[in-house]
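Peer 1: Have a look at the structure that comes next, please.
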Amino acid sequence: MTTRLIIARPLPGTVGETRRVVHLFPLPADAAMPERLTAYCDATFGPGELELLERPLGMPCLICLQRSPRPTSELPAAES
Ligand SMILES: [Zn+2]
């Protein structure tokens, strides 16, 4: 199954500045944009709470990074 990745962070004012990290949201390729998005770190956001980004900017959410599939441009993780 193909999954699109949405990159977004909370809009200013919706959360504290320190929590405005960039989350990654998995979305099935054939799905419409859902009402609420759930990030890999289980944070959920409703309409008007997210700033969608073309590419990762600023501080990434570490939990999202760990749980998301690795971009092919990065070195593969060591198998353990
Ligand atoms: Zn996250």
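Peer 1: Within the chain, what's the longest stretch lacking GluC sites (Glu not before Pro) that sit in DSSP loops with no more than 10 other Cβ atoms inside 10 Å?
Peer 2: In short, 1-34.
Peer 1: Once you keep just the Cα pairs under 8 angstrom separated by 6 or more residues, what percentage relative contact order results for segment 3-67?
Peer 2: 39
Peer 1: Please state, to two decimals, what the Cα-based radius of gyration of the chain comes to when divided by 2.2 N^0.38 Å (N = residues).
Peer 2: In units of the 2.2 N^0.38 Å rule of thumb, it is 1.12.
Peer 1: Further, regarding this structure: Just round it to a whole percent: the fraction of Cα-Cα distances in segment 17-63 exceeding 13 Å.
Peer 2: Result for the distance tail: 59 percent.
Peer 1: Let me ask something additional. Run the helix sum for the chain: -39,500 (n - 2.57) per DSSP H stretch of 4+ residues, divided by residue count, reported at 222 nm to the nearest 500 deg cm²/dmol.
Peer 2: -1500 deg cm²/dmol
Every read-out reported here was derived from the displayed coordinates using simple, explicitly stated rules and does not represent laboratory data. Only a predicted model underlies this, so the values are computations on that prediction, with no experimental measurement involved. All Cβ positions, glycine included, derive from the backbone under ideal geometry; neighbour counts span all protein chains shown.
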